[in-house]
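Novice: Got a structure for you, questions after.
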Amino acid sequence: MLKGITPLLLVVGLLLACGCGSNSSSPSVSPSAGAAAPQEGGGALAADARSAATGDIPDTQNFLTLRARSLGVSMLYPEGWTVQEGASRVSIADKNNLVRISLSRGPAPTAASVQAQLAALARSMPGLVAGRAKAIALKSGPAVRATYTTQSAPNPVTGKQVTLTVDRYVLAHGGRVAVVDLGTPVGVDNVDAYKRMIESFKWR
């Protein structure tokens, strides 16, 4: 009798084990899950008061190509920097060097529209000081460029603040608008590296 029952018990046991395995499997998590919700495309960059104003990009720096599929753009960026990609923006950072590409739908920018956007930001962020916007030409097409500065909140221990200088480029293509902010702390020279990055920007 035992010999006849044992195979049946084994089959039932195997079926139960398979059922438990399928119920305990974890759902897959996309790379962007858990990431902070993207800010409005025209939001301003801000530095971190806890970080020192260091981060010169050396002339020997190796660059990689960022291909942001969700945004439909590509651009060079320094190897080793942290990349966070969301549905409508990509952030690239190292120390207090901050680069952000934000995509939205809208009309092609003008110097006046970019100037107005920065003026609105200055009203909501007292530490923001904007320069004059002007139309320029990049390899990827016409763009509007402006520079602004922001200050971090005071360090809770030292009281010191970090001032960030940001070059903003606003480009448009086929009804899409890209805002590219390249920020670096005052005293850090990343002019050549940032120029190389924005000149490599491409619509895909």
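Novice: Give a residue-ordered list of calculated ³J(HN,Hα) values for region 85-100 (Karplus: 6.51 cos²θ - 1.76 cosθ + 1.60, θ = phi - 60°; whole Hz; x for Gly, Pro).
Specialist: Result, rounded to whole Hz: 10, x, 5, 10, 7, 10, 10, 10, 9, 7, 6, 9, 7, 10, 10, 9.
Novice: Let me ask something else. Counting alpha carbon pairs within less than 8 Å and at least 6 residues apart, what relative contact order, in whole percent, applies to region 63-203?
Specialist: 25 percent
Novice: Let me ask something additional. Tell me, what ³J(HN,Hα) does each residue in region 43-48 have, in order and in whole Hz, if you take phi through Karplus 6.51 cos²θ - 1.76 cosθ + 1.60 with θ = phi - 60° and put x for Gly and Pro?
Specialist: My calculation for region 43-48 gives x, 8, 6, 9, 7, 10 Hz in order.
Novice: With θ set to phi - 60°, apply the Karplus curve 6.51 cos²θ - 1.76 cosθ + 1.60 along region 148-158 and write out the HN-Hα couplings as whole Hz, x wherever there is a Gly or Pro.
Specialist: Working through the residues one at a time gives 9, 10, 9, 10, 6, 5, x, 4, x, 9, 8 Hz.
Novice: Oh, and also: What's the Kirkwood radius of region 138-194 in Å, using all Cα pairs?
Specialist: Mean inverse Cα-Cα distance, inverted, gives 13.2 Å.
Novice: Evaluate region 63-203: find the radius of gyration of its Cα atoms, find its Kirkwood radius, and give the ratio Rg to Rh.
Specialist: Ratio value, two decimals: 0.96.
Novice: A further question on this structure: Rounded, prolate or oblate, given the Cα gyration tensor of region 65-129, with a/c below 1.5 counting as rounded?
Specialist: oblate
Novice: If you take the charge dipole of region 63-203 about its Cα centre, with +1 on Lys and Arg Cβ and -1 on Asp and Glu Cβ, which of 187, 142, 91 is farthest toward its positive end?
Specialist: Result: 142, furthest along the dipole toward the positive end.
FYI, it's all coordinate maths here, none of it is from the lab. Predicted model only: the values in this text are computed from it and were never measured. Backbone-built Cβ (ideal geometry, glycine too); neighbour counts: all protein chains shown.
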